[in-house]
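J.: Sharing a structure below in structure tokens format, with a few things to ask.
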Amino acid sequence: MFHDMELANENLAVLNTLPAVEAACLYDARGAVFAQLSKNKDKPLSCPLSIKDEKTRFETVHLLVVQPIIVDEEELGHVYIHADFTQAYWRKIEFTGLLFLVLVAVTTLTFFLTAPLLRLISSPIKNWWIRLKPSVIQKIIPCELLKSMMMNWVSWLRPLMV
């Protein structure tokens, strides 16, 4: 591969299909640039002159990948890839915003759809509570402590329910 420029460019062209990849470079065993790919023709990214001290890392929204090319336990060179994830981050922010809007819309819709049902369900309970007489409490609750608590609740809640 490092003696065939056409094969090297063909291998780098595979990276051209990935939208985040901005540039890619192949280095030979001596560390010299053998082949390079740059997507942005207006502002091409140049390959670093030396990648001896380079390591794979993130820089804000950029991913820089440095990987050795090893065949039969012999290091033939390195590949350097520069990817820009700005668009991916914006898509993630847009998706999160859209998800939030859907959540708010569904919550609002749920509130308005369940409010009449809540009134429908709670109205008979409210009417039963208002008509509840102390004599009924005396009959249905056997424990004196619970009777007095229930009587207090009835006397406290009845004005609120009218």
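The values are calculated or read from the model by the stated rules, or taken from the named source; none is laboratory data. Since the model is a prediction, treat every value here as computed from it, not as a measurement. We place every Cβ from the backbone using ideal geometry, glycine too, and count neighbours over all the protein chains shown.
J.: Against the condition of a type in the set (D, E, K, R) and within 30 Å of residue 12 (Cα to Cα), how does residue 91 come out, does it pass? First the steps, then the outcome.
T.: On the way: of a type in the set (D, E, K, R): yes; within 30 Å of residue 12 (Cα to Cα): yes.
Here the answer is yes, as residue 91 does meet what is asked.
J.: Can you tell me which of 102, 154, 79 is outside the structural domain of residue 28 (by TED's automatic domain parsing) and either in contact (Cβ under 8 Å) with a residue 24 or more places away in the chain or among the acidic types (Asp, Glu) (or both)? Talk me through it step by step, then tell me what you get.
T.: Values: 102 fails: either in contact (Cβ under 8 Å) with a residue 24 or more places away in the chain or among the acidic types (Asp, Glu) (or both); 79 fails: outside the structural domain of residue 28 (by TED's automatic domain parsing).
Step by step, each of 102, 154, 79 is checked, and only 154 is outside the structural domain of residue 28 (by TED's automatic domain parsing) and either in contact (Cβ under 8 Å) with a residue 24 or more places away in the chain or among the acidic types (Asp, Glu) (or both).
J.: Right, something else. Specify the residue that is modelled with the highest pLDDT; the eligible residues are those in segment 9-32 that are among the charged types (D, E, K, R) and over 15 Å from residue 51 (Cβ atoms).
T.: Filtering segment 9-32 for residues among the charged types (D, E, K, R) gives 10, 22, 28, 30.
If we keep only those that are over 15 Å from residue 51 (Cβ atoms) as well, we get 10, 22.
Values: 10: 84, 22: 89.
Result: 22.
J.: I've got another one for you. Report yes if some residue within segment 36-49 is modelled with pLDDT of 85 or more, basic (Lys, Arg) and either out of contact with any helix residue (DSSP H, G or I) (no Cβ under 6 Å at 6 or more places or on another chain) or not assigned by TED's automatic domain parsing to the domain that holds residue 14 (or both); otherwise report no.
T.: No; the residues of segment 36-49 include none that is modelled with pLDDT of 85 or more, basic (Lys, Arg) and either out of contact with any helix residue (DSSP H, G or I) (no Cβ under 6 Å at 6 or more places or on another chain) or not assigned by TED's automatic domain parsing to the domain that holds residue 14 (or both).
J.: Anything in segment 62-119 that is more than 28 Å from residue 28 (Cα to Cα) and touching a Phe, Trp or Tyr at 6+ places or on another chain (Cβ under 7 Å)? List them, or say none.
T.: none
J.: Check residue 58 against each of (1) touching a Leu at 6+ places or on another chain (Cβ under 9 Å); (2) crowded, with 16+ Cβ neighbours inside 10 Å; (3) closer than 30 Å to residue 93 by Cα and name the one condition it does not meet.
T.: Residue 58 satisfies all of (1) touching a Leu at 6+ places or on another chain (Cβ under 9 Å); (2) crowded, with 16+ Cβ neighbours inside 10 Å; (3) closer than 30 Å to residue 93 by Cα except (2).
J.: Right, here's the next one. For segment 54-74, indicate whether the set of residues that are closer than 30 Å to residue 6 by Cβ and among the polar types (S, T, N, Q) is non-empty.
T.: yes
J.: Specify which of the listed residues (116, 142, 124, 159) is assigned to a loop (DSSP other than H, G, I, E, B) and either closer than 28 Å to residue 19 by Cβ or over 25 Å from the mean Cα position of the chain (by Cα) (or both).
T.: 142
J.: Here is a list: 72, 84. Which entry is within 30 Å of residue 11 (Cα to Cα), surrounded by 10 or more Cβ atoms within 10 Å (Cβ to Cβ) and acidic (Asp, Glu)?
T.: After ruling out the rest, the residue left standing is 84.
J.: Is there a residue being surrounded by 10 or more Cβ atoms within 10 Å (Cβ to Cβ), modelled with pLDDT of 90 or more and not basic (Lys, Arg) anywhere in segment 120-133?
T.: No, segment 120-133 contains no residue that is surrounded by 10 or more Cβ atoms within 10 Å (Cβ to Cβ), modelled with pLDDT of 90 or more and not basic (Lys, Arg).
J.: Taking segment 9-25, which residues are of a type in the set (Val, Ile, Thr) and in contact (Cβ under 8 Å) with a residue 12 or more places away in the chain?
T.: If we filter segment 9-25 for residues that are of a type in the set (Val, Ile, Thr), which is where we start, we get 14, 17, 21.
Listed by number, the list holds a single entry, 21.
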